[in-house]
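Every number here is computed from the coordinates shown, using simple stated rules; none is lab data. Computed from a predicted model, the values in this text were never measured in an experiment. Ideal geometry is used to build each Cβ from the backbone, glycine not excepted, and the neighbour counts take in all protein chains shown.
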Amino acid sequence: MASIRDSDVPPPATPAAGPRAARFRPLRWLTSGSPRMRALKIAGLLLASLGAGAAIAPWTVSRGALREEIAAQLRSSSGLYVYTNGASTFSLLPRPTVRLADIAFVDPRGALTIQARELRGTVRLLPLLAGRLELVEATLDRPNLAIDIDGKPMTSAGAAVRAADARPASPEAAKADQARLGVVSFVDGAAQLRRAGQVVETLSAIDATLDWRTVSSPAALDGAAMWRGRRIALALWIARPSELLRGELSSATAQVRATDIDLAANGALALGARPHFEGRIVASTPSARGLFELAGATPPAFVGRGAASIDCECSASAAALSLSTVKLALGPNTFTGALALRLDEPRPLLTGTLAAKSLSMLSAFAEAPRLVGADRHFSRDPFDARAQESVDLDLRLSANEVSFARLRAQDVAGALMLKDGKLDLSIADARFYKGAVKARLAVEPRGQGGAEVKASLIARGVDWGAIDWEQFGAARLAGLADVTLTLEGAGASPDQLARALSGQGDIKLTNGEILGLDVERVLKRMERRPLSTAADIRSGRTVFSNARATFEIQNGLARVVDAAVDGAGYAMTISGTAQLAERQIALRANVAPPDAAQRAEAPGFAFDIAGPWDNPVMAPDVHSFIRRSGAAQPLLGPRIDKASPAPPRAASPPKE
């Protein structure tokens, strides 16, 4: 009978080792080998267990030893004294963990104090088996930080400070760079910044994690906090913190996000005695004015509530900030150029050169005080000069086109200066409706409130008809205008300022016309039909070769000193006044032939221009037309007719 070995049937397959078999491999290793070998393995395992138990025993039995060990490690890494007043526990499973209740960290020099409800820390396993506690991660529950910003230096006992004090590329630096730190998390914390014993800033609801394993390894901070009613998130990464601490450059990135701002910076950073940053900054905000308010500063008048953004290369130090290849957007206005901010002045000083393709002045000064109220009179709201005291400015501006309401100017070059609260806005050169314009506005706050204002305007060869059409939708006066105007005054509101204005002006127009008035036709027809001609005065047009007006302003009242309009068949003189505060004019025009001085009975008439200066009413002087009418003359009084015969003489008495 054949055996199984001789049979052609293959032997049964051995079952494959499954997860259960793999689970017991350590036990198989322990039970394999000769009896002597198994005894040695079991004895070694027992000795290792006894050693681990002996190493762990102090932390599980003695709470004082646990606190002292953790305090010593934290002081070595942070340089802060550690005090605990609550319970302390140690647990081995599932991970070696320590808990210290009611813990405080105190800088010996008083620069920093941290009080936390509890510290939870994860311990490294291998150092623990050797009888040492090394924290890998630590979490502070509800920490409260008090930071003194009066310039007190931190103690030199911490690992970071020791690395900063070591000379670069020295053995001391190499040793300091290997110091272990770890991961620290804050949960629902708070912080107060103090100066001279007073709280100047507060943060709440702080949730943050600092991942910094060794002094020389990359450090990352990721957190968020409530600041001035807004949730602000911060992310910071530093490639070589040890070199950064010793004043050398290190790659770094930072990002700040909140409802009011989104900022990202990427470049090279150096700290120490001469902190410096070189890199790129990209930032945006839905409201530039709101960003100033968030920082506690009063925004200048030209900063509106519209969205703003900036993209630039940045070189920053503790005293100055230099921005190149700037792309700046303020509302609908976009600029390119360069900016510099100095922080070592009594007030921050912003200088630079900016250029724009198009610039809307109404948008740029949307938050400036309104000059005219809803009642179409100058506003009585007081000026607020505080915005001019938060920063100094020295900006050179240029634009291909500048708009103000419906008006347009091209190739504009100007400057915006703000020094010690004094605003100086100037236009050095601009093309304005075929002509050239220069202007300047200076505003200086007064100590008792309000402001002193000085303004000047020089225009040459400006197309007045085009301006009239753009501003009012109809051309009522046309011609090439030369204008010179100077104004000055002081007041606490636009209304007070208008009532206090003084100055003088001169206007000259050449080769123009007046629409809605035909004085030459009226002069020709009034001899035949004076009364019906008066009704036609508001039609047609009056062509003139030149027109001029000189006026003076005193206490808000403008008085015409000399004004005349000359045409081919007439000469017109104008007199009257304008009330600036009420925005009203009252002018009288007298029209006569050019040779009226040589003609005793030359025809002539007058008309009035009165009402709001942006919509005046023209009315003929009816009496001047009635005087030319023979039928209506008896209504005005007796008239002597030169053509009537002489009355008969009395008869001579008879001769005697």
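Dividing the alpha-carbon radius of gyration of the range 423-492 by the rule-of-thumb value 2.2 N^0.38 Å gives 1.37. Sorting the Cα pairs of the range 275-457 by distance into bins of 10 Å, from 0 upward, gives 9, 32, 39, 17, 3, 0 percent per bin.
Apply 1/(1 + (r/R0)^6) to the Cβ-Cβ distance of residue 231 and residue 510, taking R0 = 60 Å, and write down the FRET efficiency to the nearest 0.05. It comes to 0.40. The ranking of 118, 278 by Cβ neighbour count inside 10 Å, starting from the fewest, reads 278, 118.
Here the 3J(HN,Hα) profile of the range 500-515, calculated from phi with Karplus coefficients 6.51, -1.76 and 1.60 at θ = phi - 60°, is 10, 5, 9, x, 7, x, 8, 10, 10, 10, 10, 6, x, 7, 10, 8 Hz, Gly and Pro shown as x. With each label modelled as a point 7 angstrom along the Cα→C-beta vector, the residue 375-residue 577 pair spans 2.1 nm. Ellipsoid semi-axes for the range 310-351, based on the Cα gyration tensor and the rule √(5λ), read 21, 12, 7 Å when sorted largest first. Label positions at residue 438 and residue 222, each projected 7 Å from the Cα along the C-beta direction, are separated by 6.1 nm.
Kirkwood radius, the range 209-348, all distinct C-alpha pairs, inverse of mean reciprocal distance: 16.5 Å. In this structure the amide hydrogen of residue 563, modeled in the peptide plane, comes within under 5 Å of the amide hydrogens of 550, 574, none closer than 5 places in sequence on its chain. If the segment from residue 336 to residue 196 were pulled out straight at 0.36 nm per residue, it would be longer than the present Cα-Cα gap by 46.2 nm.
The range 59-262 gives an Rg/Rh value of 0.97, both radii derived from C-alpha positions and Rh following Kirkwood. Annotation: amide H of residue 359 within the under-5 Å range of 401, 402, 403, sequence separation 5 or more or interchain, hydrogens built in the peptide plane. Across the range 589-594, rounded Karplus estimates of 3J(HN,Hα) from the backbone phi angles (6.51 cos²θ - 1.76 cosθ + 1.60, θ = phi - 60°) give 10, 10, 10, 8, x, x Hz, Gly and Pro being marked x.
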